[in-house]
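Here the structure is laid out as C-alpha cells; the discussion comes afterwards.
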Amino acid sequence: MRPLVCVLTLIVLISCSVHTPGTALTRRQTKRPARLVFEKDISGRVLAYDIRHPSGVAVDAADNLYVADTGNNRVIKFGSDLKPMKEYGGYGGGIGRFINPEDIVVDRGLNIYVLDTGNRRIIRLDAGLNYVDEIIPQDDSNAIISNAAKLSGVYVSSLGEITASDYDNSRLIKMDNFNRFSRYIGDFGYGRGSLLNPLGIAGDAEGRMYVADAGDGRIAVYDDYGNYLYQIGADSLMHPGAVMVSPYGIIWVADQDTDRIYAFSPNGEALFSVGGPGRDEFLYSDIEALAVSRDGELYVADAGNNRVLVYSIVYEGTP
C-alpha cells in the first residue's frame, strides 16, 4: 500500500499548489474600503513654481510624499505633514535634469525611481532627492532599446528588479536586480496576456504584478516571472492609466476615459467607484497616478487640473 499512499500525497500537494486569483491575499485580514473623505488639495505655488500636470505620486514608509511635477520637469518631496521640503530637477538631459518625468516609485530601501520619459531613462535618487545613478533599459545584446518610443510606467519589486512599460511597443521591459535585461512581458505571442499600450504598473506582497492595460480596458496580472495569471476590471474599465495595490491588498485603479477611481478586492470584485469629469473634490481631469500610504491615505495625481488630491480611506465597520 505504500506506493498508493505516496501517489495520494503527491496529488494532495499538487492540488494545493493550483493558483486561484487572489487566494494568497484572501487568507490574510483584508480591510474593505467603503468611501473616501477629502482632506487636501495640493496645487498652486509649491517652492519655485506652480504645480503643472503632476503625473506621478509615491509615498515612503515614513509617509513622505514624492510628486513628479511633469510640467516643471522636477520632483518635489513633501513631509508627512504635506509641507514641501525640497525640489530636484529642471529641464534637460544631464544629471539633475528631466524631460517630462511621468512616474515615480519608492523601493524598500528608500530609493526613489523617477521615470524620465523624454530622456528614455530611469533616474535613481536617495530619500533626500540626491542623485544616485541612471538606469537605461537595455536588450539582451546590451544595446539601448531605441524603439522604446515611450516608457510610460515603472515598478520596482521587493528584490530590486525594475520593470518599465513600453507603451508604443505594447510590452513590459523587465530587468534583473543588476539592471540587466531579463525579458519582455506581454508582447506578441503572450495570448490572453498580450498587452496593448500599457501604462502604470504596481505589485502586491505576494510578488504579483498588476498592469494598467489601457488599450484593452483591464488590469492584467502576472506572477513575478512574467507569466500571465488573470485580469481585473474588464467589465467596468475603459482606459485604465494608473494602478496601485494597498498594504491590505486592495487594487486601486484610475480610469482616464471616465475620470473615475475604482477599488477592487484582491479577488477582483468591484467594491466602489467615485469621480467623473470636472474639477471638484471628487471630479477629475486625466488622473495619471495613485499612491496609498500605510496609514490609509489615498493620493491622486489629477494632472489635467494641475493638482494632487489627498483623501482618507474609510473602511467598512468604521464609523
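For the list (1) surrounded by 23 or more Cβ atoms within 10 Å (Cβ to Cβ); (2) modelled with pLDDT of 95 or more, I need the number of the one condition that PRO266 fails.
So the condition that PRO266 fails would be (2).
Looking at (1) touching a His at 6+ places or on another chain (Cβ under 7 Å); (2) modelled with pLDDT under 95, find the lone condition where TYR248 falls short.
(1)
Could we say that LEU36 is hydrophobic (A, V, I, L, M, F, W, C), open to solvent by less than 10 Å² (accessible area, probe 1.4 Å) and either in contact with a His (Cβ under 6 Å, 6 or more places away or on another chain) or within 30 Å of GLU206 (Cα to Cα) (or both) here?
Criteria not met by LEU36.
For the subset of the stretch 178-214 comprising residues that are among the hydroxyl-bearing types (Ser, Thr, Tyr) and touching a strand residue (DSSP E or B) at 6+ places or on another chain (Cβ under 7 Å), which member is modelled with the lowest pLDDT?
Residue satisfying both the conditions and the ranking: TYR190.
Can you confirm whether TYR91 is among the hydroxyl-bearing types (Ser, Thr, Tyr), in contact with a helix residue (DSSP H, G or I) (Cβ under 9 Å, 6 or more places away or on another chain) and at pLDDT 95 or above?
So TYR91 passes the test.
Select, from TYR230, TYR248, the only residue that is part of a loop (DSSP other than H, G, I, E, B), among the aromatic types (Phe, Trp, Tyr) and crowded, with 17+ Cβ neighbours inside 10 Å.
Only one candidate passes the filter, namely TYR248.
Output the number of the condition that ASP295 fails; it satisfies all remaining conditions of (1) assigned to a strand (DSSP E or B); (2) out of contact with any strand residue (DSSP E or B) (no Cβ under 8 Å at 6 or more places or on another chain).
(1)
Mind checking which pairs have a first residue in the stretch 80-98 that is touching a residue at least 40 places away in the same chain (Cβ under 8 Å) and a second that is buried (at least 16 other Cβ atoms within 10 Å of the Cβ) and not in a strand (DSSP E or B), Cβ under 9 Å, 6 or more apart or different chains?
LYS86/LEU129; GLU87/ASN72; GLU87/LEU129; TYR88/LEU129
Pick from VAL300, VAL314: which is surrounded by fewer than 16 Cβ atoms within 10 Å (Cβ to Cβ), part of a strand (DSSP E or B), hydrophobic (A, V, I, L, M, F, W, C) and touching a residue at least 60 places away in the same chain (Cβ under 8 Å)?
VAL314
May I ask you to say which residue of GLY226, GLY233 is modelled with pLDDT under 95 and not β-branched (Val, Ile, Thr)?
GLY226
Pull up the stretch 206-227, narrow it to residues that are among the hydroxyl-bearing types (Ser, Thr, Tyr) and open to solvent by less than 20 Å² (accessible area, probe 1.4 Å), then point me to the one that is farthest from ALA164 (Cα to Cα).
TYR222
Open to solvent by less than 30 Å² (accessible area, probe 1.4 Å) and under 20 Å from ALA289 (Cα atoms), is that true of ILE185?
For ILE185, the condition - open to solvent by less than 30 Å² (accessible area, probe 1.4 Å) and under 20 Å from ALA289 (Cα atoms) - is not met.
Suppose we filter SER236, SER273, SER285 for residues that are open to solvent by 10 Å² or more (accessible area, probe 1.4 Å) and closer than 22 Å to LEU196 by Cα; which single one remains?
After applying the criteria, what remains is SER236.
Here is a check on your reading of the model: is SER170 surrounded by fewer than 23 Cβ atoms within 10 Å (Cβ to Cβ), farther than 25 Å from ILE99 by Cβ, among the polar types (S, T, N, Q) and without any contact (Cβ under 8 Å) to a residue 60 or more places away in the chain?
no
Determine whether SER55 is at pLDDT 90 or above and open to solvent by less than 70 Å² (accessible area, probe 1.4 Å).
It is true that SER55 is at pLDDT 90 or above and open to solvent by less than 70 Å² (accessible area, probe 1.4 Å).
Which condition from (1) modelled with pLDDT under 95; (2) under 27 Å from PHE282 (Cβ atoms) is the one that ILE136 breaks?
(2)
Give the residue that is modelled with the lowest pLDDT, with candidates limited to residues of the stretch 15-43 that are small (Gly, Ala, Ser) and under 26 Å from GLY296 (Cβ atoms).
Once the filter is applied, the top-ranked residue is ALA24.
The values are calculated or read from the model by the stated rules, or taken from the named source; none is laboratory data. Small disclaimer: the values here were computed from a predicted structure and weren't measured. Neighbour counts run over all protein chains shown; Cβ positions are idealised from the backbone, glycine included. These accessible areas exclude ligands, DNA and RNA; they are computed on the full protein's heavy atoms, side chains included. Shrake-Rupley method; radii C 1.70, N 1.55, O 1.52, S 1.80 Å.
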